[in-house]
Amino acid sequence: MLEKFPDPFLAEISAQPAAIRRAAAGLHDQLATLRRVPAVGNGRSLVFTGMGGSYDACYAPVTALASAGITGVMVDSAELLYFRRPTLAGGTVLVVVSQSGESAEVIRLVEHGEPERPLVVSITNGLDNTLARLANVALDSRAGQEQGPSTMTFGAALVVLATLAHVLAGQSADDALHRVDLDAGAAADAIEAVLDTVEDRAGQLRAWLGDRPILTLLARGAGRAASEMGALTLKEAARFPAEAMESAQFRHGPLELAGDDAAVVLIATEPATRSVDTRLAAELVAAGAAVLRIVCDGGPVAGAETIFLGPVDRTLASAPALVPIQLLAWRLAVDRGFHPGTYTRASKITKHE
């Protein structure tokens, strides 16, 4: 596959539809494992954790569960390890997401022997790793081998997390799989549409950004998985200082950044806030900012670029919503003289603190 692309990062971006379909299909082989996940509607404490992009993916299930009246909190593993570990009582369900299953903070958190250990549900890419061996319930995203910043692993994790959210909310594992099969197919189709003429689209996104030094990614609800992961990808792959913010928080001060030097990616995939996101986009355009909207549906906004994803479930919409940002990061990396998807200071797996 790599021969079709100029570098592994672009190849992995383009391989995401297959990874999402593979993750959904792989869950059928893990049906017995899914049936061991307890429903939490009985008031059982529920915590999602991870680091980096694995943590960002947790915005989707936490938001979906809240809509079902189930409180789940997300705390990054380092904060849990050093400051909040006493909250993990024995009745807690702790969902731990890690691409490698070897991240330093994650392993230290899970292997710590509390008197009453939480029930650990792990989501990793493969099961031959420390986290999966330590977990009570270990799920494999089956993303496949990945060299660069999280692409396939992020989308595949979203599929597993969506399924897990349904089961935690009380659906049977069989019903959850049936629903996610359909939703994952729609998400994969949406990514393929965005990736049509991939290098041309990357060039268009680069032209949209131009020489603007300020790039902010805004989103709400489950869409925050894409904005947070997108900002991380831009910093990781292109060394470009992008910032992610919750869309409403942007009005509380940072709106002063809007102007000719600013570019804003507005990920507006939540139906409940469609009208306020549309109004915000129009205000940003009027202030002189370059605005890129990534939406599932709705109409255009004059002066803003808009990418329509089509009907994708909110728990998985961050997978296709992230793809334009990945393409921008790839193009920026090339233009800035970096080899896309390689590391100079960080590493693919962070094994020490």
**Prompt:** If you go through segment 222-240 one residue at a time, do you hit one that is at pLDDT 95 or above, of a type in the set (D, E, K, R), crowded, with 19+ Cβ neighbours inside 10 Å and farther than 17 Å from ALA60 by Cβ?
**Reply:** no
**Output for segment 150-179, where each listed residue is farther than 30 Å from PRO8 by Cβ and not charged (D, E, K, R)** = ALA165, HIS166, VAL167, LEU168, ALA169, GLY170, GLN171, SER172, ALA173, ALA176, LEU177, HIS178
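How many residues does segment 225-254 hold that are under 23 Å from GLY298 (Cβ atoms) and free of Cβ contacts under 8 Å to residues at least 24 places away in the same chain?
1
Test PRO149 against the criterion of being closer than 30 Å to LEU328 by Cβ, modelled with pLDDT under 95 and in a loop (DSSP other than H, G, I, E, B), and give yes or no. Full working, then the answer.
Numbers: closer than 30 Å to LEU328 by Cβ: yes; modelled with pLDDT under 95: yes; in a loop (DSSP other than H, G, I, E, B): yes.
So PRO149 passes the test.
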**Request:** Can you confirm whether segment 61-72 contains a residue that is over 24 Å from SER318 (Cα atoms) and in a loop (DSSP other than H, G, I, E, B)?
**Result:** no
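THR233: more than 20 Å from the chain's Cα centre (by Cα), under 30 Å from ASP261 (Cα atoms) and among the β-branched types (Val, Ile, Thr), yes or no? Write out each step before concluding.
Working: more than 20 Å from the chain's Cα centre (by Cα): no; under 30 Å from ASP261 (Cα atoms): yes; among the β-branched types (Val, Ile, Thr): yes.
For THR233, the condition - more than 20 Å from the chain's Cα centre (by Cα), under 30 Å from ASP261 (Cα atoms) and among the β-branched types (Val, Ile, Thr) - is not met.
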**Request:** Pull up segment 200-217, narrow it to residues that are outside any loop (DSSP other than H, G, I, E, B) and of a type in the set (Lys, Arg), then point me to the one that is surrounded by the fewest Cβ atoms within 10 Å (Cβ to Cβ).
**Result:** ARG206
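Give segment 74-114 a look and list any residue that's touching a residue at least 24 places away in the same chain (Cβ under 8 Å), assigned to a loop (DSSP other than H, G, I, E, B), over 25 Å from PRO149 (Cα atoms) and of a type outside the set (A, V, I, L, M), or say none. Talk me through it step by step, then tell me what you get.
In the first step, residues of segment 74-114 are kept if they are touching a residue at least 24 places away in the same chain (Cβ under 8 Å); the result is 74-78, 80-81, 85, 87-110, 112, 114.
Next, from what is left, pick out any that are assigned to a loop (DSSP other than H, G, I, E, B): 75-76, 88-92, 98-103, 112, 114.
Checking which are over 25 Å from PRO149 (Cα atoms) leaves us with 88-92, 112, 114.
Those that are touching a residue at least 24 places away in the same chain (Cβ under 8 Å), assigned to a loop (DSSP other than H, G, I, E, B), over 25 Å from PRO149 (Cα atoms) and of a type outside the set (A, V, I, L, M): GLY90, GLY91, THR92, HIS112, GLU114.
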**Message:** Being of a type outside the set (Asp, Glu), within 20 Å of the chain's Cα centre (by Cα), within 29 Å of THR163 (Cα to Cα) and modelled with pLDDT under 95 is the requirement here; does ILE349 meet it?
**Reply:** yes
**Request:** Inspect all residues belonging to segment 73-92 and state whether any of them is within 23 Å of THR33 (Cα to Cα), open to solvent by less than 20 Å² (accessible area, probe 1.4 Å), in contact with a Ser or Thr (Cβ under 6 Å, 6 or more places away or on another chain) and modelled with pLDDT of 95 or more.
**Result:** no
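Within segment 115-143, track down each residue that is open to solvent by 30 Å² or more (accessible area, probe 1.4 Å) and either part of a loop (DSSP other than H, G, I, E, B) or among the aromatic types (Phe, Trp, Tyr) (or both).
Answer for segment 115-143, where residues must be open to solvent by 30 Å² or more (accessible area, probe 1.4 Å) and either part of a loop (DSSP other than H, G, I, E, B) or among the aromatic types (Phe, Trp, Tyr) (or both): PRO115, GLU116, ARG117, ASN125, LEU127, ASP128, ASN136, ARG142.
Quick check, is VAL285 closer than 27 Å to ALA188 by Cβ and surrounded by 15 or more Cβ atoms within 10 Å (Cβ to Cβ)?
Values: closer than 27 Å to ALA188 by Cβ: no; surrounded by 15 or more Cβ atoms within 10 Å (Cβ to Cβ): yes.
Taking the combined requirement at face value, the residue does not satisfy it.
Results for (1) over 15 Å from LEU164 (Cβ atoms); (2) under 24 Å from the mean Cα position of the chain (by Cα), shown as yes or no for each residue.
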{"position": "ASP76", "(1), (2)": "yes, yes"}
{"position": "ARG84", "(1), (2)": "yes, yes"}
{"position": "GLN99", "(1), (2)": "yes, yes"}
{"position": "ALA104", "(1), (2)": "yes, yes"}
{"position": "HIS112", "(1), (2)": "yes, no"}
{"position": "LEU119", "(1), (2)": "no, yes"}
{"position": "ASN129", "(1), (2)": "yes, yes"}
{"position": "ALA138", "(1), (2)": "no, yes"}
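Select from segment 144-169 the residues that are among the polar types (S, T, N, Q) and touching a residue at least 60 places away in the same chain (Cβ under 8 Å) and write down the one among them that is most open to solvent (accessible area, probe 1.4 Å).
It comes out as GLN147.
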**Fill in**
If we keep only residues of segment 18-51 that are of a type in the set (Lys, Arg) and more than 24 Å from ILE70 (Cα to Cα), then the residue surrounded by the fewest Cβ atoms within 10 Å (Cβ to Cβ) is ARG21
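The values are calculated or read from the model by the stated rules, or taken from the named source; none is laboratory data. All values derive from a computational prediction rather than experimental measurement. Cβ: placed from backbone, ideal geometry, glycine included. Neighbour counts: every protein chain shown. Side chains are part of the model used for accessible areas, which takes the heavy atoms of the whole protein and leaves out ligands, DNA and RNA. Shrake-Rupley method; radii C 1.70, N 1.55, O 1.52, S 1.80 Å.
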